[in-house]
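K.L.:
Let me begin by handing over the structure; questions about it come next.
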Amino acid sequence: MPSLKALKNRIDSVKSTKKITKAMQMVASAKLRRAEDAAKAARPYTERMEAVLANLAASAKDNPAAPKLLAGTGKDDAHLLIVATADKGLCGAFNSSIVRLARERIVKLQGEGKTVKIICVGRKGYDQLKRLYADLVVWRTDFLGVRRISFGEAQEIAARVLEMFDKREFDVAAIFYGKFKSVISQVPTAQQIIPAVAPEGAAPPDLKGAIYAYEPDEEEILKTLLPRYVSVQIFRALLENVASEMGAKMTAMDNATRNAGEMIDKLTLQYNRARQAQITKELIEIISGAEAL
Amino acid sequence: MADKLHFDLVSPERRLMSEEVDQVDVPGAEGVFGVLPDHAPFMATLAPGVLTVKNAGAEKRIFVRGGFAEVTPAGLSVLAEEAVPVEELDAEAIARRIRECEEDLADEDVTAETRRQAEQELRHLKEMQAAL
């Protein structure tokens with residue numbers, strides 16, 4: 001039986017932990033709202049971009065001279081995995097589930113004898129992947145000093161990826177991130193970005209029978225559009241990732257706060273019992289002492 | 001004929017403008033073109049420059065860079081990587097940044113990465129300066 005003092009200390013320490021997790025939960029919920037707003041604000045651009053690309057891709061599909069970013073290199077030997085995770089922990093299984101998905105893919109690809117390269121975005125992903133696949137990581141970056149992820153960060157990653165693609169260092173690229181479904185549900189997702197997949201559900205605009213005029217021609221436009229599309233997709237993945245991270249953190253911290261509360265109740269009960277027992281013991285001592293006289 | 005043209009200006013981070021206007025002059029890669037209501041479907045890449053929005057006699061000038069313009073029966077949408085109203089550009093600040101970039105480039109012991117960035121920045125700044 002722990003002493004009264006030890007119990008008291010224990011209760012105090014759980015109480016302060018509870019305060020911290022509670023505060024973290026509130027911070028995460030504020031950040032989640034901001035992240036959701038950012039994701040929402042980025043939506044019109046992405047949607048437009050997808051509509052335009054769907055439109056162009058449909059007509060370029062049969063063209064043998066279609067850009068490699070759209071048509072692929074014709075091979076499937078080297079894969080680039082962009083693993084986007086958070087920079088901080090304490091958000092439940094968020095980071096591990098993304099890493100697990102990526103790891104499954106790596107194992108599968110390696111089993112098929114393909115080359116795998118990894119770009120780690122976010123510190124936690126790298127921390128987990130380096131144990132097994134340190135030699136596969138070609139580049140890594142994190143956003144520790146960045147308060148709000150802007151398009152610039154996505155472009156930086158995209159530039160890197162495109163440079164590698166130009167050098168034929170990989171044939172297929174996919175980005176792994178947590179898709180934000182709701183505060184309690186984030187789905188680790190792998191999305192192929194190179195060769196570009198024409199987005200589903202993006203309906204080409206109704207032209208009422210008219211034909212598009214292009215300036216410069218379609219191929220030129222596709223050539224400038226596709227690299228941008230890569231940045232846009234990375235950007236969207238990063239924004240979703242932040243929202244997911246915050247959602248996961250909120251849930252994790254909410255659970256932690258509740259657990260701490262339960263623990264405090266249990267410890268308090270124990271403390272009171274111990275106190276009661278001590279009082280009873282003291283009384284018995286006094287009474288038996290008086291009787292002996 | 002529709003009297004007004006629906007005009008959207010979006011950047012990756014947010015929607016900057018979405019309104020009904022009379023005319024928009026867009027700096028296309030192959031020259032500036034004007035879009036009036038009921039323009040034929042059209043798509044063009046953008047050259048860095050000034051986009052002019054005309055509405056009810058008023059003019060709004062916006063510096064845009066990187067992206068493209070799309071005209072559909074629903075209206076004109078411009079997707080720009082960067083869009084700044086011209087009145088918010090500060091000539092002095094740009095000139096100062098150009099000087100800084102040039103100094104960076106003149107400096108010999110910088111890495112290739114910084115040099116590339118500085119060059120890009122410089123090009124970009126010069127475009128802005130030209131737009132003023």
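K.L.:
Take the conditions under 30 Å from A:MET26 (Cβ atoms), at pLDDT 90 or above and over 17 Å from the mean Cα position of the chain (by Cα) and apply them to A:ASN259. Does it pass?
P.N.:
Yes; evaluated as a whole, the condition is true for this residue.
K.L.:
Taking segment A:78-93 as the search range and keeping residues that are open to solvent by less than 10 Å² (accessible area, probe 1.4 Å) and touching an Asp or Glu at 6+ places or on another chain (Cβ under 6 Å), which one is farthest from A:GLN186 (Cα to Cα)?
P.N.:
Only one residue fits best here, namely A:ALA86.
K.L.:
Please indicate, with yes or no, whether at least one residue in segment B:39-59 is closer than 23 Å to A:GLY152 by Cβ and open to solvent by 70 Å² or more (accessible area, probe 1.4 Å).
P.N.:
If we filter segment B:39-59 for residues that are closer than 23 Å to A:GLY152 by Cβ, which is where we start, we get B:45-51.
Adding the requirement that they be open to solvent by 70 Å² or more (accessible area, probe 1.4 Å) leaves none.
No, every residue in segment B:39-59 fails to be closer than 23 Å to A:GLY152 by Cβ and open to solvent by 70 Å² or more (accessible area, probe 1.4 Å).
K.L.:
If you don't mind, another one. I'm trying to understand the selection: among the residues of segment B:1-27, which are buried (at least 20 other Cβ atoms within 10 Å of the Cβ) and assigned to a strand (DSSP E or B)?
P.N.:
Hits for segment B:1-27 are B:LEU5, B:PHE7, B:LEU9, B:VAL10, B:VAL21, B:VAL24, B:VAL26, B:PRO27.
K.L.:
Within 25 Å of A:ARG123 (Cβ to Cβ) and modelled with pLDDT under 95: which single residue out of A:ALA28, A:ALA60, A:ALA6 fits that description?
P.N.:
A:ALA28 is the lone residue from the list that is within 25 Å of A:ARG123 (Cβ to Cβ) and modelled with pLDDT under 95.
K.L.:
Still on this structure: If A:LYS108 satisfies every condition in (1) modelled with pLDDT under 90; (2) of a type in the set (Lys, Arg); (3) out of contact with any strand residue (DSSP E or B) (no Cβ under 6 Å at 6 or more places or on another chain) but one, which is the exception?
P.N.:
With (1) modelled with pLDDT under 90; (2) of a type in the set (Lys, Arg); (3) out of contact with any strand residue (DSSP E or B) (no Cβ under 6 Å at 6 or more places or on another chain) applied to A:LYS108, the lone miss is (1).
K.L.:
Let me ask something else. Being within 12 Å of another protein chain (Cβ to nearest Cβ), touching a strand residue (DSSP E or B) at 6+ places or on another chain (Cβ under 9 Å) and without any contact (Cβ under 8 Å) to a residue 24 or more places away in the chain is the filter; apply it to segment B:9-35 and report the residue that is farthest from B:GLY67 (Cα to Cα).
P.N.:
Among those residues, the one meeting the criterion is B:SER18.
K.L.:
Output the number of residues of segment B:106-126 satisfying the condition of being closer than 30 Å to B:ALA69 by Cβ, of a type outside the set (Lys, Arg) and open to solvent by 60 Å² or more (accessible area, probe 1.4 Å).
P.N.:
4
K.L.:
Just a yes or no: is a residue in segment A:189-200 aliphatic (A, V, I, L, M), modelled with pLDDT of 85 or more and open to solvent by less than 80 Å² (accessible area, probe 1.4 Å)?
P.N.:
Yes, segment A:189-200 has at least one match.
K.L.:
Still on this structure, I have one more. Answer yes if at least one residue in segment A:88-103 is assigned to a helix (DSSP H, G or I) and either within 14 Å of chain B (Cβ to nearest Cβ) or among the β-branched types (Val, Ile, Thr) (or both), and no otherwise.
P.N.:
Yes, some residue in segment A:88-103 is assigned to a helix (DSSP H, G or I) and either within 14 Å of chain B (Cβ to nearest Cβ) or among the β-branched types (Val, Ile, Thr) (or both).
K.L.:
Shifting gears a bit: Residues that are within 12 Å of chain A (Cβ to nearest Cβ), of a type outside the set (D, E, K, R), outside any strand (DSSP E or B) and in contact (Cβ under 8 Å) with a residue 60 or more places away in the chain: does segment B:67-75 have at least one?
P.N.:
yes
K.L.:
Residue check: is B:GLU103 open to solvent by 40 Å² or more (accessible area, probe 1.4 Å) and more than 24 Å from A:SER231 (Cα to Cα)?
P.N.:
yes
K.L.:
Something else about it: Among the residues of segment A:129-147, is any small (Gly, Ala, Ser), loosely packed, with under 15 Cβ neighbours inside 10 Å and assigned to a loop (DSSP other than H, G, I, E, B)?
P.N.:
Within segment A:129-147 (the criterion being small (Gly, Ala, Ser), loosely packed, with under 15 Cβ neighbours inside 10 Å and assigned to a loop (DSSP other than H, G, I, E, B)), the answer is yes, since at least one residue qualifies.
K.L.:
Being of a type in the set (D, E, K, R) and farther than 29 Å from A:SER96 by Cα is the filter here; which residues of segment A:243-284 pass it?
P.N.:
If the condition is that a residue be of a type in the set (D, E, K, R) and farther than 29 Å from A:SER96 by Cα, then A:ASP265, A:LYS266, A:ARG273, A:ARG275, A:LYS281, A:GLU282 are the ones that fit.
The values are calculated or read from the model by the stated rules, or taken from the named source; none is laboratory data. As the structure is a prediction and not an experimental result, all values here were calculated from the model. Backbone-built Cβ (ideal geometry, glycine too); neighbour counts: all protein chains shown. Only protein heavy atoms, including side chains, enter the accessible area calculation; ligands, DNA and RNA are left aside. Shrake-Rupley method; radii C 1.70, N 1.55, O 1.52, S 1.80 Å.
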